[in-house]
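This report refers to the structure that appears directly beneath it.
Values in this text are rule-based calculations from the coordinates and carry no lab data. What you see is a predicted model, and the numbers here were worked out from it, not measured in a lab. As a convention, Cβ positions derive from the backbone with ideal geometry for all residues, glycine included, and neighbour counts pool all protein chains shown.
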Amino acid sequence: MTAVAVLEPLAPEADAVLRAHASEVREGLEAPVAGTAAIITRGQGRLTSAVLRAAGPSLRCVARVGAGTDNIDVAAATALGIPVFYAPDAFTAATAEHALALLLGLVRRIAPLDAAVRAGGWAAARGAPGLADLAGQRMGVVGLGRIGRRFAELAQALGMEVVAWSRSARDARFPHADLDLLLRTSDVVSLHLSLDAETRGFLSAARIAALKPGAVVLNVARGGLVDEAALAEALRAGRLRGAALDVLSEEPPPAGHPLIGLPNVLLTPHVGALTGGAFRDACLQVARAVVDHLRGDPVDPAVVRNPGVLRG
């Protein structure tokens, strides 16, 4: 018997792929993992070392429907010889497009203007729109992975001057800037880093204080990258023009979260990647990798977070 635990719902097409192979599919965040051959999560389910060990010797792989694996203890999985599958490219276009939508929505004040029109305030809204240009402004892209590169392309297409900083990647199309210089001179700072021990709290209070006055902060990566209390204080004080975020350090946010209620903040509930096509493709990519591995067939190394496990 091959049991698979699916902690959060998948696209129907991916669910069908799994059920065609597995003798049992256990569903839900509280699904028992003992005796399973595979565990699949989307983001809420956390695969810690304890969870991996609780599954027992039957566990042959785990997977994340997403481009990040910060909710999986990859080091523990590797030590146990368990490959971690993910979908590194399925959400690239959707997430970059959502970042651009957030930016445009914020600087063009789409939500408050829509609310004003619906409330009968057409003339007043037109009289003081407070809109900002993007063409000719400097975009500082922090992180040049797949999503960071695609977002930089979109910003450049709008006529923005794009500079970038990355721990390791370089792209000749986007001049590499010293991080301090990027923060001090960019009209928009957009975060596209993975979350790890090195990047947690990356946009700290000190770095927020160093941002160009009137700058905009954009984050569609991970909430843990940002000191949210310091960001909220800078926004309340008017030192920054605004912030647009699809991610928060705690999701959903607790009551009284410092960013909620600020008029110069635009928030969406971690949905940047969840277009119908991108979600379906990511679910299928992960489900097929799981099934191929359980069958003993080769898996594309590009969807394996720790490919050394398979090579070994």
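Annotations for the structure displayed:
- Between the C-alpha center of the stretch 175-229 and that of the stretch 68-140 there is a gap of 15 Å.
- Calculated on the alpha-carbon coordinates, the convex hull of the chain measures out at 148 cubic angstrom per residue.
- The Cβ shell under 13 Å around PRO32 holds other residues with a net charge of -2, Lys and Arg each +1, Asp and Glu each -1.
- Highest mean packing first, where packing is the average number of other Cβ atoms within 10 Å per residue, the peptides 297-304, 285-292, 229-236 line up as 285-292, 229-236, 297-304.
- Cut-off 11 Å between beta-carbons: net charge of the residues surrounding ARG222, Lys and Arg +1, Asp and Glu -1: -3
- Mean separation of Cα contacts under 8 Å, 6 or more apart, over the residue count of the stretch 92-267: relative contact order %: 20
- FRET efficiency, 1/(1 + (r/R0)^6) with R0 45 Å, evaluated for ALA237 and ALA79 via beta carbons: 0.45
- Helix 276-295 and the longest principal axis of the Cα set of the chain meet at an angle near 20°.
- Multiplying the residue separation of LEU104 and LEU158 by 0.36 nm and subtracting their alpha-carbon distance yields 18.4 nm.
- On a per residue basis, the convex hull of the C-alpha atoms belonging to the stretch 187-312 measures out at 141 Å³.
- Summing Lys and Arg as +1 and Asp and Glu as -1 over all other residues whose Cβ lies under 12 Å from the Cβ of MET160 gives a net charge of -3.
- Three-way shape call for the stretch 64-196 based on the alpha-carbon gyration tensor, with the a/c threshold at 1.5: oblate
- Taking each residue as 0.36 nm, the span from ALA210 to ALA16 lengthens on full extension beyond its C-alpha to C-alpha distance by 64.8 nm.
- Bins of 10 Å, starting at 0 and running to the largest distance - Cα pair percent for the stretch 92-267: 10, 39, 36, 12, 2, 0
- Helix 92-107 and the longest principal axis of the C-alpha atoms of the chain enclose an angle of approximately 20°.
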